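Just so it is clear, none of the values below were taken in a lab; they were calculated from the coordinates. None of these values were measured; they are calculated from a predicted model. Neighbour counts run over all protein chains shown; Cβ positions are idealised from the backbone, glycine included.
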């Protein structure tokens, strides 16, 4: 499992470098837009038009964007590789691996822009996921390529860039609601999995808590944080991570078409995905897929916004608190200690386990909101339309790399190396979580999520 990110110095964490890269990029785009030199970043925002049989439409667009593709590749490979070097990754392998990952991202973006692929509901996010899984499961990936498959690195960068395109006023208005809904879902799902694991299947309480955290709070990060806090066995943490990945991928394929079938509006649909998805990266894939399927005029990326409010602002915020609670329960109930032996609970775990990239997300949102408020209406409108649109496009590329990395690191043979009891316990949580999330998002709090634009 390796060293947990929360145990590393701040400068060696993916959260830190995601914040540096995403906020730095947002600052550069803002500064150059207002003072000159914005053409470089505008060129980086490469888009592939929808095409059908006329391949020349794509080739012409790519030819016009040739320099922009080089800018896009050059900026991100330098930024990511510099952070990778500081974090102690093998830089040479990372550079080679990211180059291949970038080429694959171009291929899936072109294929995902095809009209027939869209009609088959194979938009870029799902296509990237499926292509990655196909490659990962037909052979063994070389070590130099694996070095660049840093899912959390890419998705956290994308989430912070998303913050710049999400006005802080929306976060302030919907944030408390997201926390309320997240609290209900987290508590119910956690105890459903925990009780099923301990009472029905007689699993170790610490193992059960790790499974419950993966299914109720923050996916992989939640399983690692809570598993470490309660001293679960490394094998148990690995199994919990496998459960998260299996169901996260299943939900990418299930939730968007189901939301469409149920006639859900973009706002509630994104909130439902944020409530019932188990990993940030997979959730963004599902929300993006719903947006592509819905094609609601004027809705733009509403589902992505409400997903972010529900998952990042709501559920991810719980990770530090739940890690602390697990540590307390482990010390006081689960670990059998000799008479007279005592251990002080480390309350600093709330801060150590807290996902720091969430802070970057808030800073980006506040920064962009303040900039718009300080500008005159005409310039502020242009900034929102042009500069933040560039941020949005670059964010989409980081998510494409994320979806590819998820697929390329998903080997079904490895995921199935566990007994049926953990899967059964986790599945019980899913069976409860999904309808509960629908009820909260589309019935109880529907008016709130409908108001997000």
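You can think of it this way: the chain between residue 27 and residue 250 has 76.6 nm of extra reach, that is 0.36 nm per residue less the Cα-Cα gap. Helix 219-229 versus the longest principal axis of the chain: what is the Cα-based angle in degrees, 0 to 90, to the nearest 10? Its long axis makes an angle of about 40 degrees. Please work out which option in (i) 96, 62, 42; (ii) 86, 61, 42; (iii) 73, 50, 42 gives Cα extents along the principal axes in Å calculated from these coordinates, and answer with its label. Among (i) 96, 62, 42; (ii) 86, 61, 42; (iii) 73, 50, 42, the one derived from this structure is (iii). Given only helices, namely DSSP H runs of n ≥ 4 each adding -39500 (n - 2.57), what is the per-residue ellipticity at 222 nm of the chain, to the nearest 500 deg cm²/dmol? Result for the chain, helices only: -22500 deg cm²/dmol.
Subtracting the Cα-Cα distance of residue 70 and residue 200 from 0.36 nm times their residue separation leaves 41.2 nm of extension gain. Relative to the dominant Cα principal axis of the chain, helix 124-138 is inclined by about 60°.
Here the calculated FRET efficiency for residue 381 and residue 187, from their Cβ-Cβ distance with R0 = 60 Å, stands at 0.90, rounded to the nearest 0.05.
Helix 168-195 and the longest principal axis of the Cα set of the chain meet at an angle near 40°.
For segment 48-148, the square roots a ≥ b ≥ c of the C-alpha gyration tensor eigenvalues yield an a/c of 1.5 or more together with a/b not exceeding b/c, which makes the shape oblate. The slack in the chain from residue 107 to residue 444, taken as 0.36 nm per residue of separation less the alpha-carbon distance, amounts to 117.1 nm. Distance between the modelled labels on residue 138 and residue 235, one decimal in nanometres: 3.4 nm (7 Å Cα→Cβ projection).
Going 7 Å from the Cα of residue 420 along its beta-carbon direction, which residues of segment 199-225 have the amide nitrogen within less than 18 Å of the resulting point? Inside the label zone: 199-203.
For a test of the definition: using alpha carbon positions, the gyration tensor, and the 1.5 limit on a/c, classify segment 191-278 as rounded, prolate or oblate. It is prolate, given that a/c is not under 1.5 and a/b is the larger ratio.
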